[in-house]
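**Student:** Here's a structure for you.
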Amino acid sequence: MHPTHPVLTDGSRLIAEACVRAGADAYVGYPITPASLIFFYASRRFPIALPAPDEITALQWMAGLSAAGHLPVTATSFPGFALMVESVNMAYMMELPMLVILVQRLGPATGTATAGAQGDLLLLNGLISGGYPLPVLCISDLEDCWRLPPIALQTAVDLRTPVVLLTSKEMVMTQESFDLARLEEISPVRRTFYEGPGPYCAYDAGDGLVPPFVPVGDGRHQVRLNASTHDRCGIIRHTSDEAMANTRRLEAKVETMTPILYTLDEQEGAETLVVTCDITTGAAREAVETLRAEGVPVSLLVARTLLPVPTVYHDIIGRYPRAVIAEENHQGQLARLLFGRRLPPNVRTVTAVGRMIRPDEIAREVTR
Amino acid sequence: MSRFLVKSELPYCKGCGHHLIVRNTVKALEAIGMEPLDVVLVTDIGCHGIVDGNFATHTVHGLHGRSVALAAGIAMGLPPEKKVIVYIGDGGATIGLQHILEAARMNVDITVVLHNNMLYGMTGGQPSGLTPTGFRTVLTPQGYPLPHHDIPRLVLDAGAPFAARVIAPGDFADVLRQALEVEGFSLVEVLGICVSYGVKMNPDLRLKELARQAGYEPGVWTGPTRPAFRPARRETTSLLETLAVSQRYSSPLEGRLTLILGGSAGEGVQQAAELLAQAAMSAGLYATKKGSYPVTVGVGFSVAEVVLSRTPIFYHGVSQPDAVIITSADGLANQRERIHPMKGGILWLDESLPVPETGAEVRVRDFRGRAGARNAGLYALLTFLRETGVVPPEAFVKTVQESPLGKHVDLAAL
Ligand code: SF4
């Protein structure tokens, strides 16, 4: 295919533009490598862009803006994200839509700020105290930088929840030739505020799983938001039946309503399925192309919804005699997420730390 | 009962100073003639925070110490006719001190009511940053050894237009009214007593006397007035508009070429590599460019990896480069491990540098001498193109000319 609108761009630019086109109106940022490029673009593009004095404040401002009816976004990396964790829990419990873009870099701790990694998946699994699931979508290429932010924002609004968009340094900082003509138009997220009769209760989901939203400050309905265990109306409760049912609803809505996004590129006769996500997708695609050109049939599963783990991944992997899971961390975090610490004998991992996984490493494991 | 309350019986211990704060808040709100739904009450963690259920206003109950930042976010997101009030304790003010100072510095339109009973009531009476010297707590039965923060003074220093301290009991509704009428940040510290822990540990306590000894002087202070901080909504333009690279040249490259440009930070390595990628695109190739550098951007190495390809590039890492171009000692030191095992390919090396051990063909050239350190990378890439023809050199020259760099560098003259 001949490009029709070729540009040299990084993923950060596409992400920032896509967020704004999808209706995100406020960006709250604190600089951190490798997420600062998103901050830079967002500061030029968002209708409201606020530099926060630290990442706890950033998330609190976002929660406040969200409570007031805005749709806020931030981007950070592990050290900043670690500071945000309690506030992400708060927004989860208050049911405030927002998007947190987590750009992974090499850890532990400050690690190497300018080296990529895929090391934060297991941190996200269990981030919400009590084990409640948080929707985590993962970008696998430049097209995803455009396609996924609107889906993540729509999910945040539809589910009234923070959503994490997971990515990594080389995904958002590497410049690539890219054909903008391949990008589809983005429509703003669909969002309505409750305007019906009172009394309004901020956590009364009726027959559904997600309560209708009214911003604080509304002139007709009193809004009570609460990060502590609360009843339907947002009043603090110890462990009443109503309050516990409300907390359980948080799990039910995320488990059942998070969109399931993946690409399955299957080849007839393939004995091995390569499973991957994020930046390693490029190496996996290249490995698969090379293998197929050499006459080795192989299939590829690119996971975009990482949490809650779609059960369909187990179904797909189960159809293959062998699976190779490729990811840029030491432990095989995606593999552990799927299978625990004891991998089935027919599941292998290709891992690397401090560098990108090469296509030949994946190809070698497939043909081993 | 006031229209600001839905329940008049408050959830506090009998005799707790917090009762007075609620009563005076309600009185102040009535005095300024607000409606309950024009008010957002943001509460922190602590005994004061369980009062939400009594208020007929909007209520938001957040995390320990973060209420001021949360309220700042709400205030920034609402029109100015809405009033945002924060209830926070001395413990919350201790853990969240930065949020208070930042909100004061920014002059966010909120009113903070600081319930200072000089200890953590909800968790059993531990000392906070506002516990005065000598005050006895469960953890300091001999008396607290350190001085306390003076929050009104701190917020005034940070730029708050209004701060006050009152000592309960008493009628301080008028001070609260003044605070609520400020357009911008205001704070009222209310000194009170926790009857459960404060009195238990300090049975002979006289609040006014304690306040005097501790230097907790009551008062109303004002700072210079300035407009409240409100983020304005801006019209912005697309980030994608000025980016297109048009194809005007052609390249003989059939497969893929991987290239490393290694030099020193501050010498334009990344920009030069980016321009090469754009030039390659103008010659009909796919291209990727990534950077590697230490966290300090003005010192040390700067390395760029470029992939040029006839077909789409999915993997943009470079393991065995076809070309390595080194313009400085920093670049050489950083890339030595990659240069050493090279079995083929070409190494272009600035003539000032020692020739490293390598299986690559080595071409020593004068980059720094001819073009200067700042343009050594650009000139080295031009040399590479002149000697290989992978991309027409004129495509690179044109790309540089049309870039912001074009005004400063005459590449064609080199
Ligand atoms: S424990 Fe202390 S601060 Fe808490 S309600 Fe009782 S008296 Fe008030």
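The values are calculated or read from the model by the stated rules, or taken from the named source; none is laboratory data. Worth saying up front: this structure is predicted, and the values here are computed from it rather than measured. No Cβ is skipped: glycine too gets one built from the backbone with ideal geometry, and neighbour counts run over all protein chains shown. Remember, those area values only see protein heavy atoms, side chains included, never the ligands or the DNA or RNA. Shrake-Rupley method; radii C 1.70, N 1.55, O 1.52, S 1.80 Å.
**Student:** I'm checking my understanding of the structure. Among residues of segment B:302-322 that are open to solvent by less than 30 Å² (accessible area, probe 1.4 Å) and of a type in the set (S, T, N, Q), which one is farthest from B:Leu332 (Cα to Cα)?
**Tutor:** Out of the qualifying residues, it is B:Ser309.
**Student:** Among the residues of segment B:141-164, is there at least one that is within 16 Å of the ligand (Cβ to nearest atom), over 24 Å from B:Gly33 (Cα atoms) and touching a strand residue (DSSP E or B) at 6+ places or on another chain (Cβ under 9 Å)?
**Tutor:** There is no residue in segment B:141-164 that is within 16 Å of the ligand (Cβ to nearest atom), over 24 Å from B:Gly33 (Cα atoms) and touching a strand residue (DSSP E or B) at 6+ places or on another chain (Cβ under 9 Å).
**Student:** So B:Ser250 ticks every box in (1) within 14 Å of chain A (Cβ to nearest Cβ); (2) at positive phi but one. Which box is left unticked?
**Tutor:** The number of the failed condition is (2).
**Student:** Would you pick out the residues in segment A:212-263 that are outside any loop (DSSP other than H, G, I, E, B) and among the aliphatic types (A, V, I, L, M)?
**Tutor:** As a first pass, look at segment A:212-263 and keep what is outside any loop (DSSP other than H, G, I, E, B): A:224-226, A:230, A:236, A:241-257, A:262-263.
Of everything in segment A:212-263, those that are outside any loop (DSSP other than H, G, I, E, B) and among the aliphatic types (A, V, I, L, M) turn out to be A:Leu225, A:Ile236, A:Ala243, A:Met244, A:Ala245, A:Leu250, A:Ala252, A:Val254, A:Met257.
**Student:** Still on this structure: Residues being surrounded by fewer than 22 Cβ atoms within 10 Å (Cβ to Cβ), part of a loop (DSSP other than H, G, I, E, B) and at negative phi: count how many of those fall in segment A:92-122.
**Tutor:** The total comes to 3.
**Student:** Would you confirm, using the coordinates I've provided, whether B:Leu37 is open to solvent by 20 Å² or more (accessible area, probe 1.4 Å), more than 16 Å from the ligand (Cβ to nearest atom), in a helix (DSSP H, G or I) and among the hydrophobic types (A, V, I, L, M, F, W, C)?
**Tutor:** On the way: open to solvent by 20 Å² or more (accessible area, probe 1.4 Å): yes; more than 16 Å from the ligand (Cβ to nearest atom): yes; in a helix (DSSP H, G or I): yes; among the hydrophobic types (A, V, I, L, M, F, W, C): yes.
So B:Leu37 fits the description; yes.
**Student:** If we only count helices (runs of 4 or more DSSP H) wholly inside segment B:198-312, which ones have 2 or more residues that are in the same structural domain as B:Ile339 (by TED's automatic domain parsing)?
**Tutor:** Output list reads B:269-282.
**Student:** Please determine whether any residue of segment B:53-60 is within 20 Å of B:Cys13 (Cβ to Cβ) and out of contact with any Lys or Arg (no Cβ under 8 Å at 6 or more places or on another chain). So that I can check it myself, show each step before the final result.
**Tutor:** Our first condition is that a residue be within 20 Å of B:Cys13 (Cβ to Cβ); within segment B:53-60, this holds for B:53-55.
Checking which are out of contact with any Lys or Arg (no Cβ under 8 Å at 6 or more places or on another chain) leaves us with B:55.
Yes, there is a match, as at least one residue in segment B:53-60 is within 20 Å of B:Cys13 (Cβ to Cβ) and out of contact with any Lys or Arg (no Cβ under 8 Å at 6 or more places or on another chain).
**Student:** From the residues in segment B:45-74 that are open to solvent by 10 Å² or more (accessible area, probe 1.4 Å) and more than 16 Å from the ligand (Cβ to nearest atom), which one is nearest to B:Lys7 (Cα to Cα)?
**Tutor:** Taking the candidates together, the pick is B:Ala56.
**Student:** Separate question: Tell me which residues, restricted to segment B:362-414, are in a loop (DSSP other than H, G, I, E, B) and of a type in the set (Gly, Ala, Ser).
**Tutor:** Quick first cut of segment B:362-414, residues in a loop (DSSP other than H, G, I, E, B) only: B:366-367, B:372, B:389-392, B:403, B:408-410, B:414.
B:Gly372, B:Gly389, B:Ser403 - these are the residues of segment B:362-414 that are in a loop (DSSP other than H, G, I, E, B) and of a type in the set (Gly, Ala, Ser).
**Student:** Quick check on my filter: what residues within segment A:340-368 are surrounded by fewer than 19 Cβ atoms within 10 Å (Cβ to Cβ) and of a type in the set (Ser, Thr, Tyr)?
**Tutor:** Scanning segment A:340-368 gives a single hit, A:Thr367.
**Student:** Among the residues of segment A:158-172, write down those that are out of contact with any strand residue (DSSP E or B) (no Cβ under 7 Å at 6 or more places or on another chain) and either acidic (Asp, Glu) or surrounded by fewer than 23 Cβ atoms within 10 Å (Cβ to Cβ) (or both).
**Tutor:** A:Asp158, A:Leu159
**Student:** Related question: List the number of the failed condition for A:Asp315; all other conditions in (1) over 30 Å from B:Asp52 (Cβ atoms); (2) within 12 Å of chain B (Cβ to nearest Cβ); (3) among the acidic types (Asp, Glu) hold.
**Tutor:** With (1) over 30 Å from B:Asp52 (Cβ atoms); (2) within 12 Å of chain B (Cβ to nearest Cβ); (3) among the acidic types (Asp, Glu) applied to A:Asp315, the lone miss is (2).
**Student:** Check whether at least one residue in segment B:302-314 is more than 10 Å from chain A (Cβ to nearest Cβ), more than 22 Å from A:Asp10 (Cβ to Cβ) and of a type in the set (A, V, I, L, M, F, W, C), and report yes or no.
**Tutor:** no
**Student:** Still on this model: Within segment B:213-221, does at least one residue satisfy the condition of being within 16 Å of the ligand (Cβ to nearest atom), open to solvent by 50 Å² or more (accessible area, probe 1.4 Å) and more than 30 Å from B:Ser282 (Cα to Cα)? Walk me through how you get there before you give the answer.
**Tutor:** Initially, segment B:213-221 is screened for residues within 16 Å of the ligand (Cβ to nearest atom), giving none.
Taking every residue of segment B:213-221 in turn, none turns out to be within 16 Å of the ligand (Cβ to nearest atom), open to solvent by 50 Å² or more (accessible area, probe 1.4 Å) and more than 30 Å from B:Ser282 (Cα to Cα).
**Student:** Could you check segment A:259-277 and list, in sequence order, the residues that are in contact with a Leu (Cβ under 7 Å, 6 or more places away or on another chain) and either within 14 Å of another protein chain (Cβ to nearest Cβ) or open to solvent by less than 60 Å² (accessible area, probe 1.4 Å) (or both)?
**Tutor:** Of everything in segment A:259-277, those that are in contact with a Leu (Cβ under 7 Å, 6 or more places away or on another chain) and either within 14 Å of another protein chain (Cβ to nearest Cβ) or open to solvent by less than 60 Å² (accessible area, probe 1.4 Å) (or both) turn out to be A:Leu261, A:Leu264, A:Asp265, A:Leu273, A:Val274, A:Val275, A:Cys277.
**Student:** Let me ask something else. Just give me the residues in segment B:76-118 being within 16 Å of the ligand (Cβ to nearest atom), within 14 Å of chain A (Cβ to nearest Cβ) and within 20 Å of B:Ala28 (Cβ to Cβ), in sequence order.
**Tutor:** Listed by number, the residues that qualify are B:Tyr87, B:Ile88.
**Student:** Check A:Tyr203 against each of (1) surrounded by fewer than 20 Cβ atoms within 10 Å (Cβ to Cβ); (2) aromatic (Phe, Trp, Tyr); (3) in contact with a Lys or Arg (Cβ under 8 Å, 6 or more places away or on another chain) and name the one condition it does not meet.
**Tutor:** A:Tyr203 satisfies every listed condition except (1).
**Student:** Okay, moving on. Quick one: would you say B:Ala28 is buried (at least 18 other Cβ atoms within 10 Å of the Cβ), more than 16 Å from the ligand (Cβ to nearest atom) and away from every other protein chain (no Cβ under 14 Å)? Walk me through how you get there before you give the answer.
**Tutor:** Numbers: buried (at least 18 other Cβ atoms within 10 Å of the Cβ): yes; more than 16 Å from the ligand (Cβ to nearest atom): yes; away from every other protein chain (no Cβ under 14 Å): yes.
Judged against the criteria, B:Ala28 is a match.
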